[in-house]
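Read-outs throughout are calculated quantities, based only on the coordinates presented, and are distinct from any laboratory measurement. Everything numeric in this text was worked out from a predicted model, so none of it was measured. Positions of Cβ are backbone-derived with ideal geometry, glycine not excepted, and every protein chain shown enters the neighbour counts.
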Amino acid sequence: MPKKFLFADLDDTLFQSHKKCPPDTPLTPAAYLKDGSAHSFLTPAQASVLDLFRREMGVIPVTARNADAYARVRLGFTSGAVVNYGGVILGPDGAPEAEWLKRSRTLAEQTLPELNAIAATLGEWAAASGARLRIRIIEDFGIPFYVCAKSEEGDETALDPIDAKARTEWSGPGATVAVHRNGNNFSVLPAWLDKRHAVEHLAGRLRAVHGEIVTFGMGDSLSDLAFMSACDYALVPRRSQINHLLGSR
């Protein structure tokens, strides 16, 4: 019988922050802040579903979190992980795969000038609109991966005009970057940085070891659709950006 693997996004898919949890529900801590305080939690239903997945298949997180933030997820994953939007693949021992890291470093060197220009443009747009945004280039393992912008006041609406303008300027045929937005998280990624590429690479390695496998992809965000479509089956939480879009059609 083929081995089964679940490639699963983490935040807002397997767990969520406390403010997004239903009230008066017993919760299980899932991830922690740098100061050691619990920040993300599993509901009883999520804990039950995760237990089911782990009994039946290898669970491989696929997350935008960097390696440090992923290390603060305390759910005992043992099959490796994809972090930094696919820029880094971690083995079961937590060490980055050297071949994939080298690939990311080479590609990132080529796209850094564009990221710097994008960050500067976002700063100009924010100043013009009066939005107080924290804009930075996200790095890990010394590799500059993508540009991230967040409202310093937690006001998601402050990102709306920036988001709209970015999609007009940087989306469409021939685009060299991808624009992602989920709540107060706005990101601009170079085209080479894609969870799908990492999942396809990792699935290929698993097939080389195990022969025929069955893969499942699970995510909440529209940016997860690409890696989910590379899997044999796709799973979507009811309360998710993907399901909201499907339900509105």
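Tell me, what is the percent relative contact order of the chain, built from C-alpha pairs under 8 Å that lie six or more residues apart?
Values: 423 pairs, mean separation 47.0, N = 249.
Relative CO of the chain lands at 19 percent.
Please state, to two decimals, what the Cα-based radius of gyration of the stretch 109-190 comes to when divided by 2.2 N^0.38 Å (N = residues).
Numbers: Rg = 12.1 Å, N = 82, 2.2 N^0.38 = 11.7 Å.
For the stretch 109-190, the normalised Cα radius of gyration is 1.03.
Each residue of the stretch 80-93 in order: what ³J(HN,Hα) in whole Hz does its phi give by Karplus 6.51 cos²θ - 1.76 cosθ + 1.60, θ = phi - 60°, with x for Gly and Pro?
Residue by residue, the stretch 80-93 yields x, 7, 10, 10, 6, 6, x, x, 9, 10, 9, x, x, 8 Hz.
Just going by the charge dipole of the chain, with Lys and Arg at +1 and Asp and Glu at -1 on Cβ, which of 170, 75, 122 is farthest out on the positive end?
Farthest along the dipole direction, towards plus: 75.
From the convex hull of the Cα coordinates of the chain, what is the mean projected area in square nanometres?
Working: hull surface 58.5 nm².
Result: a mean projected hull area of 14.6 nm².
Less than 11 Å from a label point 7 Å out along the Cα-to-Cβ axis of residue 20: which backbone N atoms in the stretch 146-184 qualify, by residue?
Under 11 Å, as judged by backbone N against the label point of residue 20, lie 182-184 of the stretch 146-184.
Taking other Cβ within 10 Å of each residue's Cβ, how do 195, 150, 19, 165 sort, fewest first? Spell out each step's value before the answer.
Values: 195 29, 150 20, 19 5, 165 15.
Lowest count first: 19, 165, 150, 195.
Of 169, 153, how do they rank once you tally other Cβ atoms within 10 Å and put the fewest first?
On the way: 169 14, 153 11.
Ascending number of Cβ neighbours within 10 Å: 153, 169.
Tilt of helix 98-129 relative to the longest C-alpha principal axis of the chain, in degrees (0 to 90, nearest 10)?
Computed tilt is about 40 degrees.
Loop only by DSSP, 13 or fewer other Cβ within 10 Å of the Cβ. Give me the trypsin sites (Lys or Arg not before Pro) in the stretch 58-134 that pass, ordered by residue number.
Values: sites: 65, 72, 74, 102, 103, 105, 132, 134; in loops: 65, 72, 74, 132.
Answer by residue number: 74, 132.
Based on other C-beta atoms within 10 Å, arrange 223, 37, 79, 48 from fewest to most. Working shown, then result.
Details: 223 24, 37 8, 79 18, 48 11.
Fewest-to-most Cβ neighbours within 10 Å comes out as 37, 48, 79, 223.
In the neighborhood of residue 100, defined by Cβ-to-Cβ distances under 12 Å, what is the net charge if each Lys or Arg adds +1 and each Asp or Glu adds -1? Kindly include the intermediate steps, with their values, before the conclusion.
Numbers: positive: 102, 103, 105, 205; negative: 97, 99, 200.
Every neighbour counted, the sum reads +1.
Between their Cα atoms, which of 20/102; 34/195; 3/34; 4/34; 20/150; 34/165 are more than 30 Å away from each other?
Details: 20/102 37 Å; 34/195 25 Å; 3/34 36 Å; 4/34 33 Å; 20/150 18 Å; 34/165 34 Å.
Going by Cα-Cα distance, 20/102; 3/34; 4/34; 34/165 fall outside the 30 Å limit.
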